[in-house]
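S.K.: Quick one: the structure is below, questions incoming.
The values are calculated or read from the model by the stated rules, or taken from the named source; none is laboratory data. Nothing here was measured: the structure is a model prediction, and the numbers come from that model. Using ideal geometry, Cβ is built from the backbone for each residue, glycine included, and neighbour counts are taken over all protein chains shown.
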Amino acid sequence: MSIIRAIFMDIKHQLEVIRRGAVELISEEDIVAKLKKGKPLRVKAGFDPTAPDLHLGHTVLLQKMKQIQELGHHVIFLIGDFTAKIGDPSGRSETRPQLSDEEIAKNIKTYESQVFKVLDEKNTEVRFNSEWLGKMSVIEFARLGAKYTVARMLERDDFKKRIEAGTDISVLEFYYPLMQAQDSVVLKADIELGGNDQKFNLLMGRTIQKRSDVEPQVVLTMPLLVGTDGVKKMSKSYGNYVGINESPKEMFGKLMSITDELMWQYYELLSDKSLNEIDELKKGHPKAAKVALAKEIITRYHSAKDADAAEEGFERVFAKKDNPEDMPELVTSTSNLVDVIVEAKLASSKSEVRRLITQGGVSVNDEKVADINATLGGGKEYILKVGKRKFCKIKQKG
């Protein structure tokens with residue numbers, strides 16, 4: 001086999017890995033030209049520490065970074081500690097509230113403790129964009145702003161919608177994509193990864209790199225992971241998320257609740273299994289595949305032992321219809337069921353409890369409750385079930 005043919009076969013394999021699950025690659029011609037140089041590419045993904053908890057939706061980019069890292073390329077995990085103070089306007093209908101330094105520092109600790117459960121720490125460069133953005137002078141910021149026009153900025157869909165709705169857009173928000181682009185200039189990124197809602201910001205990086213005499217990066221966009229409800233993107237605010245710091249039991253139950261169709265998307269975006277291995281799983285029973293997925297993810301963020309225990313607990317409670325042996329207990333003199341559920345911390349508010357009762361999500365001693373004004377009698381014990389996975393033994397004082 002000739003050296004040239006070997007290089008092209010390697011490029012073909014790399015493109016298959018890079019394109020797995022991706023929405024867009026801009027452009028394939030550019031990445032092929034970069035790969036032909038035979039040097040490790042600098043692959044950047046930025047994460048603004050705007051929330052204290054990471055969920056599986058955040059790990060889609062980490063998983064793609066890992067795949068590219070295993071091809072031998074140089075991965076840069078960029079923490080946007082400076083840009084987090086502004087807030088990414090992507091997909092927003094209003095200006096984000098600015099975070100304090102204390103909030104950002106707290107969130108960074110969460111990110112740093114979790115990212116290396118996916119990426120190889122020894123081969124990952126961690127950077128903070130305050131290193132350069134925090135040192136730019138007013139003149140340097142002015143020069144950065146001069147590299148793009150207001151007319152082009154207003155072509156952005158989320159800005160258009162806010163103008164039409166009469167919602168304010170701060171001048172600072174115009175600077176967010178410019179700052180993200182400056183990150184790519186400084187880091188000399190060859191590839192930048194982001195969610196498909198980030199396309200405007202990522203393409204801005206190409207533009208500003210060109211205008212800064214830096215070879216433009218390739219843009220790789222990934223889909224936003226759909227949450228456990230199968231409808232909306234995974235988000236804590238939608239209550240459809242699987243947190244990577246959640247207990248193995250909670251993670252297992254949530255992952256087993258997703259649809260079979262959604263499971264295959266999770267496999268493509270989150271699993272270490274090859275596409276051929278996933279195709280083989282599709283030939284078997286969906287439940288077995290779902291169990292395997294849940295255990296793979298729990299093993300990554302906890303341990304194999306925790307994954308086995310979570311499976312056993314799930315089978316005992318849900319497959320055999322038994323109540324869990326380790327359910328918490330609450331001794332109370334409260335009789336109103338809504339108040340008892342809140343006191344037992346099985347729901348965060350009375351309104352949530354009423355909604356769950358209306359939807360048939362509350363049972364007492366295996367009997368569904370339909371009355372939002374239901375009460376418990378004194379001097380008795382009850383097994384309370386809220387939703388699919390929350391249990392509590394209630395002991396009523398006489």
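S.K.: Determine, yes or no, whether G134 is more than 26 Å from the chain's Cα centre (by Cα), within 25 Å of H74 (Cα to Cα), modelled with pLDDT of 90 or more and not assigned by TED's automatic domain parsing to the domain that holds G243.
M.R.: So G134 fits the description; yes.
S.K.: Confirm whether K283 is loosely packed, with under 12 Cβ neighbours inside 10 Å and not hydroxyl-bearing (S, T, Y).
M.R.: So K283 fits the description; yes.
S.K.: Right, something else. Among the listed residues A84, A51, which satisfies the condition of being assigned to a loop (DSSP other than H, G, I, E, B) and either buried (at least 20 other Cβ atoms within 10 Å of the Cβ) or not basic (K, R) (or both)?
M.R.: Of the residues listed, the single one that is assigned to a loop (DSSP other than H, G, I, E, B) and either buried (at least 20 other Cβ atoms within 10 Å of the Cβ) or not basic (K, R) (or both) is A51.
S.K.: Kindly indicate which of F159, F141 is among the aromatic types (F, W, Y) and either touching a residue at least 40 places away in the same chain (Cβ under 8 Å) or not in a helix (DSSP H, G or I) (or both).
M.R.: From the options F159, F141, the qualifying one is F159.
S.K.: Under 9 Å between Cβ atoms, at least 6 apart or on separate chains: pull out the pairs that start in the range 175-193 with a residue that is not assigned by TED's automatic domain parsing to the domain that holds V150 and end on any residue that is part of a strand (DSSP E or B) and surrounded by 24 or more Cβ atoms within 10 Å (Cβ to Cβ).
M.R.: The qualifying pairs do not exist here.
S.K.: For the range 363-383, check the following and say yes or no: at least one residue is within 30 Å of the chain's Cα centre (by Cα) and without any contact (Cβ under 8 Å) to a residue 12 or more places away in the chain.
M.R.: No - not one qualifying residue is present in the range 363-383.
S.K.: Within the bounds of the range 270-281, is there any residue that is of a type in the set (S, T, N, Q), in the same structural domain as P248 (by TED's automatic domain parsing), under 24 Å from the mean Cα position of the chain (by Cα) and within 30 Å of D120 (Cβ to Cβ)?
M.R.: Looking for residues that are of a type in the set (S, T, N, Q), in the same structural domain as P248 (by TED's automatic domain parsing), under 24 Å from the mean Cα position of the chain (by Cα) and within 30 Å of D120 (Cβ to Cβ), one finds at least one in the range 270-281, hence yes.
S.K.: Do we have any residue at all in the range 305-325 that's within 18 Å of V386 (Cα to Cα), of a type in the set (S, T, N, Q), touching a residue at least 60 places away in the same chain (Cβ under 8 Å) and outside any loop (DSSP other than H, G, I, E, B)?
M.R.: no
S.K.: Here is a check on your reading of the model: is I169 in contact (Cβ under 8 Å) with a residue 24 or more places away in the chain, among the hydrophobic types (A, V, I, L, M, F, W, C), farther than 23 Å from Q69 by Cα and not assigned by TED's automatic domain parsing to the domain that holds Y301?
M.R.: Here the answer is yes, as I169 does meet what is asked.
S.K.: So which residues in the range 195-245 are in contact (Cβ under 8 Å) with a residue 24 or more places away in the chain and on the phi > 0 side of the Ramachandran plot, if there are any at all?
M.R.: G230
S.K.: Another question about this same structure. Report the residue count in the range 357-398 for those that are modelled with pLDDT of 85 or more and acidic (D, E).
M.R.: 1
S.K.: Let me ask something else about it. If you go through the range 37-57 one residue at a time, how many are without any contact (Cβ under 8 Å) to a residue 60 or more places away in the chain and either closer than 19 Å to M251 by Cα or in contact with a strand residue (DSSP E or B) (Cβ under 6 Å, 6 or more places away or on another chain) (or both)?
M.R.: Residues that pass the stated criteria total 2.
S.K.: Kindly check whether there is at least one residue in the range 339-356 that is loosely packed, with under 12 Cβ neighbours inside 10 Å, among the acidic types (D, E) and not in a loop (DSSP other than H, G, I, E, B).
M.R.: No, that holds for no residue.
S.K.: Tell me, yes or no, whether the range 235-248 has at least one residue that is in a helix (DSSP H, G or I), over 21 Å from G284 (Cα atoms) and touching a helix residue (DSSP H, G or I) at 6+ places or on another chain (Cβ under 8 Å).
M.R.: Yes, because at least one residue in the range 235-248 is in a helix (DSSP H, G or I), over 21 Å from G284 (Cα atoms) and touching a helix residue (DSSP H, G or I) at 6+ places or on another chain (Cβ under 8 Å).
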